Every structure is written in structure tokens, then in C-alpha cells.
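A.B. asks: Have a look at this one before I ask anything.
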Amino acid sequence: MSQLVKPHGKEQVLKPLLLEGEELKEAKEKAETLRKVPIESREVGDTIMMGIGGFTPLDGFMGHDDWKSVVTDFQMADGTFWPIPVTVSVAEDVADQLKEGEEITLFDEENDEAMAIMTIQEKYTIDKELECKEVFKTTDLEHPGVAKVMDQKEVNLGGPIKVLSESFYPQEFQGIYQRPAEARAIFEERGWTTVSALQLRNPMHNSHAYLAKVAIEVTDGVYIHQLLGRLKPGDIPAETRVKCIDALVQNYFRPERVVQGGYPLDMRYAGPREALLHAVFRQNYGCSHLIVGRDHAGVGDYYGPFDAHEIFNEVPEGALLTQPLKMDWTFYCFQCGEMASMKTCPHEEKAVLDEDANHVSGDRLLLSGTMLRKMLSEGKPVPTEFSKPEVIEILREFYAGLTDKVEVKLHGAATGDAAKKKKS
């Protein structure tokens, strides 16, 4: 019997909605005869996650009662803990042509593929501003998650789905993309009972490596689990991030203590709420813990650096089995001569570097993926304390091959200016 954490939900069993074999073949043929309804990139990722069991125990896209309860109370109508609504929307004129009880094909136009058959149980409209205020804590359209919600079509559809495809992920990210059952099998083969998930959307720099090694000290291993779906402009694509992780694991970790995987979602940039979602589906992947560091799943200065720590304190006991490993702000300290955190290092002066990235004065060199991307995109030297040389070389090759440059803006959580918001 597995000693890994049980999947999320009242039944505590994985609930993949992806059809297989003859059933899949027949469903694909049927999908060709149904009305095709186009879905966006975020909805495609959510469909796949339901398909592979990552969003257990969901059986489809949420109806109004689930949507409202999740937005305001962090739970579905039946009381199951869930932090972010999972919905699909259509234009009003399309919704007018659809009937409750009708089966439709959810179609990914970008990749020209039928993703699922959905049985419409409900058509409803939502208060988009309410969702943004509750989930993102802002209605600012500069926030990428807010912009996506406000740009949704007018009518939501609720109902169960039968998933037909995992899209391009198994082929394009072979060896990285994993279903929850596959990750669990690897953990069990290694004899792990406790696993820490490290969420990644940036290249793995020294702070990430430090967090991972701390986690390995207190659990059996670390699952470096990176997002493979769509990011915002200026972020580094998954294939480059995979190379960086490989370089670090091969040269600076005991490989038997590390598993690398990927999942098919787009970032929502929902900060604390998204940290909870990350914990929910990491529970389905078999992870007992989620590493929650500074500004987890944040963007810009919309969240305090440790808001994602504090939100876990609001989760009712027993509602979520995967627990946070709350990590403080980490940095390289020139006085200590090593990676450290605000909990361990007594030296508080911010480090100053010259134009060639040489240390001039001060102690703490704050590390962030945003700052690393900015230095590389502008062709500036990167301090050796920031990331390993193998990683820097991979990233320089990536930036050298770019034809369209995207300006990377620094925010308080990247520079340390948000430290005043730090938890006491």
C-alpha cells in the first residue's frame, strides 16, 4: 500500500478524465459530429489537468454555485477545498445556440485539436470584477491574470467532460511532462514517502538550489516541477529551463534525491491563491510538501513577499494534506561566504556591485529570476554568486538567439524594496 500522501478530495483516489483505448477512439469519432466550441490556452491546460488527474476530484468545468463558492469561500458547493475557479467561457451568441444537456466538442483552435467532449449542465454569467478582487486582490488590467479574466467570453458553461487529448505536451516535453500517476510511481520506486515540490517558472538559480537542498534535508526528495504552459512576455521558455535544471542536478545534487517533472498549465499569477492551487495539485502528484518561498506565483508588486505563507494559515484543518515548507527570503551573503536567509544571517547591509558584477561593498546579494532575466537580456555581467556558470552559459545562448527583445521590469520583490512588507 502506498505511503505517499493521498490524492485530494473526499474519495482520496486519482480521478483522471482522459479516455483510453476503444473508448477514446469512439469518442474522437463522436467529437467530429458535435458542435465545436473554441477554448483558450488557459482552458486547454485546465482540460488536460483534469484529464490526467492533476485536478482531482473535478469532473468538469465548474457551474455557478461552485464558481461562487470557490471565489468567496475557497471551497466547492459540496465543501471540497478548492482555491481558484476552473471555468470555460463562450461568446454570448454561441451560448444562445447551445442547450442544456447538449454535448459539445471543446476545440483548441491554436493547435487544431479536439480536447474534450462536454455535456452542458449549465449556462451562466459571472461577476468578473468579484472574481478578480477575490482571487487576484486587484482589478488592475496591468495584472496579467486580471486581464485574462476580464477578457473571458460573456457566458460560462458548466458540466462534466471526457478528455480526448494531452495536446503536444507528451511529445514536445518527452521525459519531463508527467501525469500524477507517473510521478507517484517514480516516488514509490525510490522508496520515498515524503516529497517536497519545488514550483518553477524561472530558470533555476542559486536561491532555488538552496531551497531544494534544504527541502531534501527534511523530506526524502525534491520534485522539481515546472510549468510547461504559457507565460507572460519576457519569461524564459520551458525547454531552456529544463537545460538549466539538468545542468544543476547533474553537477551539484545527488541525482537519486531529485525528480524533474512538468505540468501543462498556464500561469495565473494569482500569488497566494495560486500557491494554494499549487499545493492542491501537488497533493495529487504525491507531494507531501510544497516549497513556498518569497512572492510565490506573484507578479509585479501586487502581493507582499510572504502573503503566500500567511494564506496557508487560513486553510481549515484537514482540507489540504500537502503542507507548505515556508522559506524566508534567501540571498548570497558575502560576509558569511554562502547562501543564507533572513532567518539565519545577521548581516543586513545590501550588497553593491560594480558594472562588471564585482563585489564593492555590503553583504546581501538578493537573487531573483526577474533580476537574472534583466541582467541577461541587457547583456550585463552576472555575478558568480547569482547562478552556476553552466546555467549562465545556457541562458546567454538563449538570449543571443532572440530576435525580439522584451524589456524586463524589476519590482520590489526582486530588488529587496519589498522587504519592509516582510512578515515579523
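A.B. asks: Would you mind stating whether Phe136 is touching a residue at least 24 places away in the same chain (Cβ under 8 Å) and in contact with a His (Cβ under 9 Å, 6 or more places away or on another chain)?
C.D. replies: Criteria met by Phe136.
A.B. asks: Still on this structure: Checking Ala279 against (1) assigned to a helix (DSSP H, G or I); (2) in contact with a Cys (Cβ under 9 Å, 6 or more places away or on another chain); (3) farther than 17 Å from Val86 by Cβ, only one condition comes out false. Which one?
C.D. replies: Condition (3) is where Ala279 drops out.
A.B. asks: If you don't mind, another one. On the basis of being crowded, with 17+ Cβ neighbours inside 10 Å and not assigned by TED's automatic domain parsing to the domain that holds Arg273, does Gly79 make the cut?
C.D. replies: It is false that Gly79 is crowded, with 17+ Cβ neighbours inside 10 Å and not assigned by TED's automatic domain parsing to the domain that holds Arg273.
A.B. asks: Follow-up question, since we're still on this one. If I filter the stretch 274-288 for residues that are at pLDDT 95 or above, touching a Gly at 6+ places or on another chain (Cβ under 8 Å) and β-branched (Val, Ile, Thr), do I get at least one hit?
C.D. replies: No, the stretch 274-288 contains no residue that is at pLDDT 95 or above, touching a Gly at 6+ places or on another chain (Cβ under 8 Å) and β-branched (Val, Ile, Thr).
A.B. asks: Taking the stretch 354-378 as the search range and keeping residues that are in contact with a helix residue (DSSP H, G or I) (Cβ under 7 Å, 6 or more places away or on another chain) and small (Gly, Ala, Ser), which one is farthest from Met339 (Cα to Cα)?
C.D. replies: Checked the stretch 354-378; the qualifying residue farthest from Met339 (Cα to Cα) is Ser377.
A.B. asks: A further question on this structure: State which residue is farthest from Gly261 (Cα to Cα) when the search covers only the stretch 170-181 and only residues that are modelled with pLDDT of 95 or more and either in contact with a Gly (Cβ under 8 Å, 6 or more places away or on another chain) or of a type in the set (A, V, I, L, M, F, W, C) (or both).
C.D. replies: Here the residue is Ala181.
A.B. asks: Here's a follow-up. Restricted to the stretch 13-35, and to residues that are surrounded by 13 or more Cβ atoms within 10 Å (Cβ to Cβ) and among the basic types (Lys, Arg), which residue is farthest from the chain's Cα centre (by Cα)?
C.D. replies: Lys30
A.B. asks: In the set Val299, Val259, Val292, which member is under 29 Å from Lys388 (Cα atoms) and touching a Gly at 6+ places or on another chain (Cβ under 7 Å)?
C.D. replies: Val259
A.B. asks: Being among the polar types (S, T, N, Q), without any contact (Cβ under 8 Å) to a residue 40 or more places away in the chain and on the phi < 0 side of the Ramachandran plot: is that true of Ser89 here?
C.D. replies: Judged against the criteria, Ser89 is not a match.
A.B. asks: Please go through (1) at pLDDT 90 or above; (2) under 18 Å from Leu365 (Cβ atoms); (3) surrounded by 14 or more Cβ atoms within 10 Å (Cβ to Cβ) for Ile394 and return the number of the only condition it doesn't satisfy.
C.D. replies: Of everything listed in (1) at pLDDT 90 or above; (2) under 18 Å from Leu365 (Cβ atoms); (3) surrounded by 14 or more Cβ atoms within 10 Å (Cβ to Cβ), Ile394 misses just condition (2).
A.B. asks: Next question. Being among the aliphatic types (A, V, I, L, M), on the phi > 0 side of the Ramachandran plot and touching a helix residue (DSSP H, G or I) at 6+ places or on another chain (Cβ under 7 Å) narrows it down to one residue among Ala308, Ala297; which is it?
C.D. replies: Answer to the selection: Ala297.
A.B. asks: Another question, then. Is at least one residue of the stretch 220-237 among the polar types (S, T, N, Q) and within 21 Å of Pro383 (Cβ to Cβ)?
C.D. replies: Within the stretch 220-237, not a single residue is among the polar types (S, T, N, Q) and within 21 Å of Pro383 (Cβ to Cβ).
The values are calculated or read from the model by the stated rules, or taken from the named source; none is laboratory data. As the structure is a prediction and not an experimental result, all values here were calculated from the model. Backbone-built Cβ (ideal geometry, glycine too); neighbour counts: all protein chains shown.
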